[in-house]
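Here's the structure, in structure tokens; my notes come after.
The values are calculated or read from the model by the stated rules, or taken from the named source; none is laboratory data. Bear in mind the structure is a predicted one, so any value in this text is a computation, not a measurement. Quick reminder, even Gly has a Cβ in these numbers, built from the backbone with ideal geometry, and neighbours come from all protein chains shown. Surface accessibility is based on the protein's heavy atoms, side chains included, excluding ligands, DNA and RNA. Shrake-Rupley method; radii C 1.70, N 1.55, O 1.52, S 1.80 Å.
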Amino acid sequence: MRKVAILTGGGDCPGLNAVIRAITKTAITKYNLDVIGYVDGYRGFVENRWRPITLNDVEDILDKGGTILGTSNSDNPFKFLKTRDSEPVDMSDICIKQMKDLGVDCLFVVGGDGTLTSGRDFSRKGFPVIGVPKTIDNDLNATEVTFGFNTAVTNAVDAMDKLKTTAESHKRIMLVEIMGRYAGWLTLETGIAGAASAILLPEIPYDLDKLCDFLKEKTENGQKYCMVAVSEGAKPKNGEVTISRIVGYSPDSVRLGGVSNKLAREIEEKTGIETRATVLGHIQRGGQTSAYDRVLSTKYGVKAMELAMEGNFGKMVAMIDGKVSYTTLEEAVGQLKNVPVDCDLVQTAKSMGVYFGE
Ligand code: F6P
């Protein structure tokens, strides 16, 4: 093992820099290896754009969100679009040749399901790959936790706390729309930590009339204001999710968003109580990385480097039974994790009187 390469793919996520730092520091200080980083995710990878990563480069990045390497959430080297309108081309053999020419002995792919799936496919072709799981959505089945989730919860709860003072002053119902795609983890934890009266998850379609009755009753019983945590993937019973845009050139083209604005109008109309919606959007994954995610990302990065040194390729670092461990990339991808509707956390919230809209 002489040289390793790191690539960050998919949407940016707090903790990516902490992983880059952990891999780099372990590789250089413990194993005396060279480290390079591919720039702009799989786009830069296909185009053979890379740069060396030194200890100086990672000195001040532990707390910084985003990724110093840049990323792309619309590129797949196995179905690569040279321009947005061109036909997909399989560039994987060229990528492998480029890595071999550079002397890369192991590629670390740090990303969510899409990034890890391409990692698995390079591994199937015999190239040494190790995956590290990131996503603020926490929806990868193969690991109990992904880095980035804790920071996103912290950011969303901070926003909810701020919205409470204005909700209280105006005695309003305040809807807070939270990311997470088709999984409700981010909304569930944010809703509990942000003292929401109701939490709407993609996994539990809501009944508009019952939700309005609940909110009205709360207000009539003297509650000054109501916070409602709404997942961007929430949908009414027998209804559909709200799509904000279709990104045609992205492998996963649907972007959710906007359900809370629609719902706020409906709630105000039915209850007669002033209702406002705030879509938190990308603020959830911006800014500083939480202390928890800094530690988790560091553990994941170091474990990834150790797997590489053992020659234990084709694996993804994972949290299993509370311990940093690993699984195969084959098992890790293609299986998303939803909130079980009767899980402990949902039960805990229900015991506190939180309404889930069912
Ligand atoms: O997967 C992370 C995530 O932030 C989702 O929660 C959200 O739906 C999506 O990415 C937003 O994607 P984009 O950054 O392309 O708008």
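For Phe122, the requirement of being open to solvent by less than 10 Å² (accessible area, probe 1.4 Å), without any contact (Cβ under 8 Å) to a residue 60 or more places away in the chain and assigned by TED's automatic domain parsing to the domain that holds Asp40 is met.
Within the stretch 226-247, the set of residues being more than 16 Å from the ligand (Cβ to nearest atom), assigned to a loop (DSSP other than H, G, I, E, B) and open to solvent by less than 40 Å² (accessible area, probe 1.4 Å) comprises just one member, Gly239. When each of Phe149, Phe108 is tested for being surrounded by 22 or more Cβ atoms within 10 Å (Cβ to Cβ), among the aromatic types (Phe, Trp, Tyr) and within 14 Å of the ligand (Cβ to nearest atom), the lone residue that passes is Phe149. The set of residues in the stretch 248-260 that are away from the ligand (no atom under 11 Å from the Cβ) and over 17 Å from Gly357 (Cβ atoms) comprises Gly248, Tyr249, Pro251, Gly258. Mind listing just one residue for me: the one in the stretch 170-191 that is in a helix (DSSP H, G or I) and under 19 Å from the mean Cα position of the chain (by Cα) and, of those, farthest from the ligand (Cβ to nearest atom)? Among residues in the stretch 170-191 that are in a helix (DSSP H, G or I) and under 19 Å from the mean Cα position of the chain (by Cα), the one farthest from the ligand (Cβ to nearest atom) is Gly191. Scanning the stretch 22-53 for residues that are in contact with a helix residue (DSSP H, G or I) (Cβ under 7 Å, 6 or more places away or on another chain), over 23 Å from Asp90 (Cα atoms) and either without any contact (Cβ under 8 Å) to a residue 24 or more places away in the chain or open to solvent by 50 Å² or more (accessible area, probe 1.4 Å) (or both) yields Lys25, Tyr31. Is it fair to say Lys3 is away from the ligand (no atom under 16 Å from the Cβ) and open to solvent by 70 Å² or more (accessible area, probe 1.4 Å)? Taking the combined requirement at face value, the residue does not satisfy it. Take the stretch 62-118 and flag every residue that is within 25 Å of Ala308 (Cα to Cα) and of a type in the set (Val, Ile, Thr). The answer is Thr67, Ile68, Thr71, Ile94, Ile96, Val104, Val109, Val110, Thr115, Thr117.
Which residue out of Val279, Val324, Val339 is closer than 30 Å to Thr166 by Cα and either touching a strand residue (DSSP E or B) at 6+ places or on another chain (Cβ under 7 Å) or open to solvent by less than 20 Å² (accessible area, probe 1.4 Å) (or both)?
Step by step, each of Val279, Val324, Val339 is checked, and only Val279 is closer than 30 Å to Thr166 by Cα and either touching a strand residue (DSSP E or B) at 6+ places or on another chain (Cβ under 7 Å) or open to solvent by less than 20 Å² (accessible area, probe 1.4 Å) (or both).
Considering the stretch 58-83, the residues that are open to solvent by 60 Å² or more (accessible area, probe 1.4 Å) and outside any loop (DSSP other than H, G, I, E, B) include one that is nearest to Val104 (Cα to Cα), namely Lys79.
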